[in-house]
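Peer 1: Shown below is the structure under consideration.
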Amino acid sequence: MAGGEGTRLRPLTSNQPKPMLPMANRPMMEHVVLLLRQHGFTEIVVTVAFMANTVRSYFGDGSELGVRMVYATEETPLGTAGSVLNARDELDERFLVISGDVLTDLDLGAVVAFHEEKGAMATLALHSVPDPLEFGIVITREDGSVERFLEKPTWGQVFSDTINTGIYVLEPEIFDFIPNEGASDFSGDVFPAVLEAGRPIFGWVSEGYWEDVGTTEAYLRAHNDILDRKVRVEIDGFPLRPDVWLGQGSVLDPSAVVEGPALIGDNCSIGPGAAIGSYTTLGDNVRIADSAEVRHSTIGDNCYVGAGARVEGAAVGRACDLRRGARLEPGAVLGENCLIGAGAEVRAGVKVYPFKTVDAGALVNSSIVWESKGARSLFGRDGVRGIANVDINPELAVRLSMAWVSTLGRGFSVTASRDTSRTARMLKRAVMVGCNAAGVNVGDLEVATVPVMRHHIRNTSSRGGVTVRLAADDPQSVIIRFFDSEGLDLDENSQRKVERMYHREEFRRVLAPEIGDIDFPARAVEQYTADLVSTVRSSEDRKAGFKLVLDLSYGSASFVMPNVLSKLDADVLVVNPYAHTAGMIAVDRVANAHRVADLVRASGSQLGAVVDPDCELLTIVDDEGTVLTDDQALLVLLYLVTRAEKDAQVVLPVSVPNAAAEICAETGATITYTKLSSAHLMEAAAQPGIAFAASQSGGFIWPRFLPAYDAAATLVMLVEMLGATGEPLSKLVRSLPSVHVAHVSVPTPWESKGLVMRVLIEQLADRETVLVDGVKVLEPGGWALVLPDPEEPVTHVWAEAPTEEGASARAAQYAALIVDLYPVGPAVKGPGLLG
């Protein structure tokens with residue numbers, strides 16, 4: 001009997017029938033099939049109704065389990081007896097009826113023997129339970145014959161604690177008592193009619209284990225009973241200890257703690273410092289990140305539990321994603337494919353239905369059934385980002401690349417690259433498969449820096465590019481970035497087109513003769529270097545003995561910088577020069593910069609620099625060993641550019657300090673302000689006549705060479721301009737105006753961001769504002785910028801003032817304004833984009 005929906009077990013059964021609910025990493029029904037086979041039942045008829053194909057697809061004809069299985073489908077609900085009547089053609093001899101959605105190890109051979117001994121038409125397996133109110137009670141005489149049935153009694157009607165387990169041994173004559181029309185049940189309709197006709201019905205009281213698993217509490221309790229070996233079922237896995245089972249291919253970090261009893265499925269990963277508490281069951285392909293804790297819980301297949309997350313006494317469906325610091329309290333239940341944001345808490349007893357998103361930092365006190373924020377935007381600040389093999393897996397990479405090239409047309413080529421990591425290599429191959437499947441050729445640069453790739457796209461017939469790289473701030477995460485035919489990040493309109501194509505799955509699929517090819521372009525690095533050097537007018541004075549300390553961060557920059565340095569004619573001390581994934585993952589930009597500073601002082605160098613692994617961002621160290629902040633680096637380069645070129649045009653984000661405008665005003669340079677996003681900054685930098693553009697995170701743009709971030713070009717330009725001035729960098733740094741900028745983040749639910757911004761604009765209608773990105777309010781001696789975050793449920797506030805205290809007070813003032821508009825919780829200080 002496998003037609004049950006399991007409504008009381010929702011949301012775990014919202015997307016799967018109750019018999020397929022995993023129990024110790026096998027569907028419940030599989031345990032029943034194995035029990036039947038153990039007792040000699042090899043001919044099995046399965047009655048199916050709700051999501052019947054799920055059952056059929058998993059079990060097939062039963063041959064893999066050593067049985068023969070056929071299926072009888074209910075088009076409309078027929079009741080327990082009616083569904084058996086529906087399978088009558090297969091039941092021409094004595095047969096046994098058993099539910100496919102219970103956990104039991106009853107001796108089925110014994111009940112058949114009892115049936116034969118009594119010569120019964122029907123024998124019912126009975127079981128004693130402490131609370132029989134939810135079950136049908138069967139009252140028997142001393143010889144075991146049934147006296148009466150009582151369906152789901154009140155306590156005043158409880159005359160026995162032996163309940164009907166739904167396991168019957170029946171003779172084919174039972175069909176004479178089942179109505180041919182409509183629904184009918186054995187306990188309410190058929191068995192009373194058999195009794196009234198004087199035919200023999202007996203009850204056999206079992207001594208084994210039986211659990212209906214009708215509620216979430218029963219589901220967790222049944223798992224505990226399996227781990228305590230109170231029920232005899234098969235448990236897959238290697239017995240790491242007598243009470244701990246470890247699945248094939250699973251990896252435990254030496255510092256992880258596993259308390260028994262516990263079951264860990266196949267191909268799981270338990271990270272450093274993680275704790276798997278007693279009575280925990282992990283499904284297959286589960287990843288438990290650093291210092292996470294899971295206790296007294298069941299976690300479904302393909303789930304991810306982020307660093308520092310805590311799950312206690314909860315049931316988690318398959319493919320759920322719990323981010324850093326998330327918490328599930330006892331009794332919480334997640335349906336499949338739920339996302340619980342960083343730091344969010346799901347309180348005790350709360351049920352979150354499938355495909356729901358809980359915002360970071362949210363506190364969920366009531367069940368989420370219908371509400372949904374909808375699908376998250378694919379594109380973030382830097383591209384499509386997520387945890388490798390959790391959010392960003394090969395299937396997504398194939399579909400995403402097919403969506404991308406489907407927006408471009410057919411019969412052309414694109415360029416692909418990656419960093420040195422195995423993760424990026426694997427996902428880039430999946431990306432190229434998607435491109436080829438849509439009829440697009442791929443020029444594979446293999447390991448290459450982002451600027452080299454951009455340059456290659458601009459100077460060839462490539463219609464765009466895609467690169468796959470580990471995220472700089474999280475080695476578990478990966479970013480897929482897309483570029484247009486000019487080598488620039490996709491603009492927002494193009495991103496939306498790709499997203500629409502992806503969600504609708506309207507991919508172009510070509511016939512076999514049109515499938516794209518892969519080739520490997522030659523000399524991309526050499527051409528990039530030659531064009532960079534030809535852009536610079538070298539200073540002969542500078543060439544004499546300029547000393548430089550350079551950290552390459554173990555990244556793909558190691559493949560480019562030797563060529564560039566050979567053209568620079570400088571005395572260069574290079575550290576971390578070899579591409580090495582483990583080293584790249586461990587790079588700390590600030591710590592590396594301070595080590596470079598020590599080497600600059602010790603060697604008497606004029607300059608130090610740290611190039612990020614992708615060769616896009618640059619951290620600068622002056623000749624006195626001072627590590628420049630990103631804002632200081634921007635202002636120094638802006639000063640040098642505006643002095644080297646009269647009436648220069650520069651592009652800067654709207655959040656730059658006022659000092660940038662002061663520097664430009666001294667030489668007649670003009671500023672075009674942009675949004676904070678890199679894509680918008682690069683789009684503006686690509687316009688004719690722009691001399692320089694910069695972000696506030698170490699990204700600098702030299703549009704006459706490449707209108708995108710390029711650390712190698714920045715280093716070359718900086719050395720050339722310093723050589724032309726003849727002044728030490730430290731002197732320029734000391735001459736910069738002081739900058740005082742503060743930043744706070746205010747938690748803001750997604751659905752409230754629009755309201756907050758609208759009301760804020762209305763309240764500030766009489767103030768001078770700039771609406772390039774968010775709301776920038778001009779204040780005496782500074783400004784305040786209010787900007788909703790595109791990826792997190794927060795609103796950022798930046799503020800500049802003449803003093804540090806004034807900037808902090810101004811930021812707090814605007815944060816309080818937002819809290820007053822919508823009481824979303826206290827503001828949180830943070831570095832934000834300005835450091």
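Peer 1: Among the candidates T748, T769, which residue alone is farther than 29 Å from T357 by Cα and among the hydroxyl-bearing types (S, T, Y)?
Peer 2: Values: T748 fails: farther than 29 Å from T357 by Cα.
T769 is the lone residue from the list that is farther than 29 Å from T357 by Cα and among the hydroxyl-bearing types (S, T, Y).
Peer 1: Checking the conditions here, which among P521, P613 is in a loop (DSSP other than H, G, I, E, B), touching a helix residue (DSSP H, G or I) at 6+ places or on another chain (Cβ under 9 Å) and modelled with pLDDT of 90 or more? Break it down stepwise before answering.
Peer 2: On the way: P613 fails: modelled with pLDDT of 90 or more.
None of the others qualify; the one that does is P521.
Peer 1: Here's a follow-up. Working only within the range 750-768, note down all residues that are among the polar types (S, T, N, Q) and either at pLDDT 90 or above or open to solvent by less than 10 Å² (accessible area, probe 1.4 Å) (or both).
Peer 2: Looking only at the range 750-768, we keep the residues that are among the polar types (S, T, N, Q), and these are 752, 763.
Answer for the range 750-768, where residues must be among the polar types (S, T, N, Q) and either at pLDDT 90 or above or open to solvent by less than 10 Å² (accessible area, probe 1.4 Å) (or both): just S752.
Peer 1: Go through (1) out of contact with any His (no Cβ under 8 Å at 6 or more places or on another chain); (2) of a type outside the set (K, R); (3) open to solvent by 20 Å² or more (accessible area, probe 1.4 Å) and name the single condition P330 misses.
Peer 2: Result: P330 fails condition (1) only.
Peer 1: Do we have any residue at all in the range 455-471 that's surrounded by fewer than 19 Cβ atoms within 10 Å (Cβ to Cβ), free of Cβ contacts under 8 Å to residues at least 24 places away in the same chain and within 26 Å of the chain's Cα centre (by Cα)?
Peer 2: no
Peer 1: Next question, about the same structure. Against the definition (in a strand (DSSP E or B) and under 30 Å from T281 (Cα atoms)), how does T47 come out, yes or no?
Peer 2: Details: in a strand (DSSP E or B): yes; under 30 Å from T281 (Cα atoms): yes.
Criteria met by T47.
Peer 1: Here's another thing I want to ask about it. Taking into account only those residues within the range 347-367 that are assigned to a strand (DSSP E or B) and open to solvent by 30 Å² or more (accessible area, probe 1.4 Å), which is nearest to V316 (Cα to Cα)?
Peer 2: Within the range 347-367, the first condition is being assigned to a strand (DSSP E or B), and the residues that meet it are 351-352, 357-358, 363-364.
Going one step further and asking which of them are open to solvent by 30 Å² or more (accessible area, probe 1.4 Å), we end up with 351, 357, 363.
On the way: K351: 10, T357: 14, L363: 18 Å.
By that ranking, first place goes to K351.
Peer 1: Still on this structure, please answer the following. Could you please give the count of residues in the range 201-228 that are more than 27 Å from P11 (Cα to Cα) and either open to solvent by 50 Å² or more (accessible area, probe 1.4 Å) or in a strand (DSSP E or B) (or both)? Spell out how you get there, then give the answer.
Peer 2: First, the residues of the range 201-228 that are more than 27 Å from P11 (Cα to Cα): 201-208.
Filter again for either open to solvent by 50 Å² or more (accessible area, probe 1.4 Å) or in a strand (DSSP E or B) (or both), leaving 201-205, 207.
Residues in the range 201-228 being more than 27 Å from P11 (Cα to Cα) and either open to solvent by 50 Å² or more (accessible area, probe 1.4 Å) or in a strand (DSSP E or B) (or both): 6 in total.
Peer 1: Check the range 498-507 and report whether any residue there is of a type in the set (D, E, K, R), under 38 Å from the mean Cα position of the chain (by Cα) and closer than 23 Å to I457 by Cα.
Peer 2: Within the range 498-507, one or more residues are of a type in the set (D, E, K, R), under 38 Å from the mean Cα position of the chain (by Cα) and closer than 23 Å to I457 by Cα.
Peer 1: Step by step: first the residues of the range 407-450, then only those that are farther than 19 Å from G516 by Cβ and touching a Cys at 6+ places or on another chain (Cβ under 7 Å), then the one that is surrounded by the fewest Cβ atoms within 10 Å (Cβ to Cβ). Which residue is that?
Peer 2: By that ranking, first place goes to V450.
Peer 1: Among (1) touching a helix residue (DSSP H, G or I) at 6+ places or on another chain (Cβ under 7 Å); (2) among the aromatic types (F, W, Y); (3) open to solvent by 10 Å² or more (accessible area, probe 1.4 Å), there is one condition W404 misses while meeting the rest; what is its number?
Peer 2: Exception for W404: condition (3).
Peer 1: Open to solvent by less than 10 Å² (accessible area, probe 1.4 Å) and charged (D, E, K, R): is that true of D622 in this structure? Steps first, please.
Peer 2: On the way: open to solvent by less than 10 Å² (accessible area, probe 1.4 Å): yes; charged (D, E, K, R): yes.
Yes: the conditions hold for D622.
Peer 1: Quick one: which of L36, L9, L85 is under 24 Å from R318 (Cβ atoms) and aliphatic (A, V, I, L, M)?
Peer 2: Only one candidate passes the filter, namely L9.
Peer 1: Check off (1) at positive phi; (2) in a strand (DSSP E or B) for S291 and give me the number that stays unchecked.
Peer 2: For S291, the failing item is (2).
Peer 1: Something else: Can you name the residue in the range 101-110 that is in contact with an Asp or Glu (Cβ under 9 Å, 6 or more places away or on another chain) and in a loop (DSSP other than H, G, I, E, B) and is also surrounded by the fewest Cβ atoms within 10 Å (Cβ to Cβ) among such residues?
Peer 2: Out of the qualifying residues, it is D107.
Peer 1: Has the range 596-606 got any residue that is assigned to a helix (DSSP H, G or I), hydrophobic (A, V, I, L, M, F, W, C), under 28 Å from A424 (Cβ atoms) and at pLDDT 85 or above? Step through it out loud before you land on a result.
Peer 2: Taking the range 596-606 and keeping what is assigned to a helix (DSSP H, G or I), we get 596-603.
Restricting the remaining residues to those that are hydrophobic (A, V, I, L, M, F, W, C) gives 596-597, 599-600, 602.
From what's left, under 28 Å from A424 (Cβ atoms): 596.
Narrowing the set further to residues that are at pLDDT 85 or above leaves 596.
Yes, the range 596-606 has at least one match.
Peer 1: Can you find even one residue in the range 574-583 that is part of a loop (DSSP other than H, G, I, E, B), at pLDDT 90 or above and either in contact with a Gly (Cβ under 7 Å, 6 or more places away or on another chain) or open to solvent by 20 Å² or more (accessible area, probe 1.4 Å) (or both)? Write out each step before concluding.
Peer 2: Step one: of the range 574-583, the residues part of a loop (DSSP other than H, G, I, E, B) are 576-580.
Those left that are additionally at pLDDT 90 or above: none.
No, that holds for no residue.
Peer 1: Could you tell me which residue of the range 4-28 is nearest to Y279 (Cα to Cα), considering only residues that are touching a helix residue (DSSP H, G or I) at 6+ places or on another chain (Cβ under 8 Å) and open to solvent by less than 10 Å² (accessible area, probe 1.4 Å)?
Peer 2: A24
Peer 1: While we're looking at this one, here's another question. Tell me whether the range 263-277 contains one or more residues that are over 22 Å from the mean Cα position of the chain (by Cα) and either closer than 26 Å to N393 by Cβ or modelled with pLDDT under 95 (or both). Can you show your working first?
Peer 2: Just the residues of the range 263-277 that are over 22 Å from the mean Cα position of the chain (by Cα), to begin with: 263, 277.
Filter once more, keeping what is either closer than 26 Å to N393 by Cβ or modelled with pLDDT under 95 (or both): 263, 277.
Checked against the condition, which is being over 22 Å from the mean Cα position of the chain (by Cα) and either closer than 26 Å to N393 by Cβ or modelled with pLDDT under 95 (or both), the range 263-277 yields at least one hit.
Peer 1: In addition: Within the bounds of the range 642-660, is there any residue that is in a helix (DSSP H, G or I), in contact with a Phe, Trp or Tyr (Cβ under 7 Å, 6 or more places away or on another chain) and surrounded by fewer than 24 Cβ atoms within 10 Å (Cβ to Cβ)? Break it down stepwise before answering.
Peer 2: Of all residues in the range 642-660, those in a helix (DSSP H, G or I) come to 642-644, 659-660.
Applying the additional criterion that residues be in contact with a Phe, Trp or Tyr (Cβ under 7 Å, 6 or more places away or on another chain) yields none.
Within the range 642-660, none of the residues are in a helix (DSSP H, G or I), in contact with a Phe, Trp or Tyr (Cβ under 7 Å, 6 or more places away or on another chain) and surrounded by fewer than 24 Cβ atoms within 10 Å (Cβ to Cβ).
Peer 1: Only one of D598, D612, D571, D631 is surrounded by fewer than 22 Cβ atoms within 10 Å (Cβ to Cβ) and in contact (Cβ under 8 Å) with a residue 40 or more places away in the chain; which?
Peer 2: Details: D598 fails: in contact (Cβ under 8 Å) with a residue 40 or more places away in the chain; D612 fails: surrounded by fewer than 22 Cβ atoms within 10 Å (Cβ to Cβ); D571 fails: in contact (Cβ under 8 Å) with a residue 40 or more places away in the chain.
Answer to the selection: D631.
Peer 1: Which condition from (1) surrounded by fewer than 20 Cβ atoms within 10 Å (Cβ to Cβ); (2) among the aliphatic types (A, V, I, L, M); (3) within 14 Å of L103 (Cα to Cα) is the one that A197 breaks?
Peer 2: (3)
Peer 1: What about G439, is it within 30 Å of R589 (Cα to Cα), in a loop (DSSP other than H, G, I, E, B) and in contact with a Lys or Arg (Cβ under 9 Å, 6 or more places away or on another chain)? Break it down into steps so the answer makes sense when it comes.
Peer 2: Values: within 30 Å of R589 (Cα to Cα): no; in a loop (DSSP other than H, G, I, E, B): yes; in contact with a Lys or Arg (Cβ under 9 Å, 6 or more places away or on another chain): yes.
Spelling it out, it is not the case that G439 is within 30 Å of R589 (Cα to Cα), in a loop (DSSP other than H, G, I, E, B) and in contact with a Lys or Arg (Cβ under 9 Å, 6 or more places away or on another chain).
Peer 1: Kindly indicate whether any position in the range 550-557 is modelled with pLDDT under 85 and not in a helix (DSSP H, G or I). Working first, answer last.
Peer 2: At the first step, the residues of the range 550-557 found to be modelled with pLDDT under 85 are 554-557.
Then drop every residue that is not not in a helix (DSSP H, G or I), which leaves 554-555.
Yes, because at least one residue in the range 550-557 is modelled with pLDDT under 85 and not in a helix (DSSP H, G or I).
Peer 1: Next question, about the same structure. State all residues of the range 673-712 that are over 35 Å from the mean Cα position of the chain (by Cα) and either farther than 30 Å from T769 by Cα or modelled with pLDDT under 90 (or both); if no residue qualifies, say none.
Peer 2: R704, F705 - these are the residues of the range 673-712 that are over 35 Å from the mean Cα position of the chain (by Cα) and either farther than 30 Å from T769 by Cα or modelled with pLDDT under 90 (or both).
Peer 1: Output the number of the condition that S57 fails; it satisfies all remaining conditions of (1) at pLDDT below 90; (2) of a type outside the set (A, V, I, L, M); (3) open to solvent by less than 50 Å² (accessible area, probe 1.4 Å).
Peer 2: (3)
Peer 1: For the range 229-251, indicate whether the set of residues that are open to solvent by less than 60 Å² (accessible area, probe 1.4 Å) and within 21 Å of I163 (Cα to Cα) is non-empty. Full working, then the answer.
Peer 2: Initial filter on the range 229-251 (open to solvent by less than 60 Å² (accessible area, probe 1.4 Å)): 231, 233, 235, 237, 243-247, 249-250.
Subsequent filtering for residues that are within 21 Å of I163 (Cα to Cα) retains 231.
Yes; the residues of the range 229-251 include at least one that is open to solvent by less than 60 Å² (accessible area, probe 1.4 Å) and within 21 Å of I163 (Cα to Cα).
Peer 1: Now for a separate question. Mind listing just one residue for me: the one in the range 808-835 that is in a helix (DSSP H, G or I) and at pLDDT below 50 and, of those, surrounded by the fewest Cβ atoms within 10 Å (Cβ to Cβ)? Talk me through it step by step, then tell me what you get.
Peer 2: First pass over the range 808-835, keeping only residues in a helix (DSSP H, G or I): 808-821, 832-834.
So of that shortlist, the ones also at pLDDT below 50 come out as 832-834.
Values: G832: 21, L833: 17, L834: 22.
In this case the residue turns out to be L833.
Peer 1: Pairs, please: C-beta under 7 Å, at least 6 apart or cross-chain, first residue in contact (Cβ under 8 Å) with a residue 12 or more places away in the chain and of a type in the set (K, R) and in the range 316-342, second outside any loop (DSSP other than H, G, I, E, B) and open to solvent by 30 Å² or more (accessible area, probe 1.4 Å)?
Peer 2: Within 7 Å, the pairs are R327/R310; R327/E345.
The values are calculated or read from the model by the stated rules, or taken from the named source; none is laboratory data. These numbers were taken from a predicted model, which means no experiment stands behind them. Backbone-built Cβ (ideal geometry, glycine too); neighbour counts: all protein chains shown. Ligands, DNA and RNA are excluded from the accessible area calculation, which covers all protein heavy atoms including side chains. Shrake-Rupley method; radii C 1.70, N 1.55, O 1.52, S 1.80 Å.
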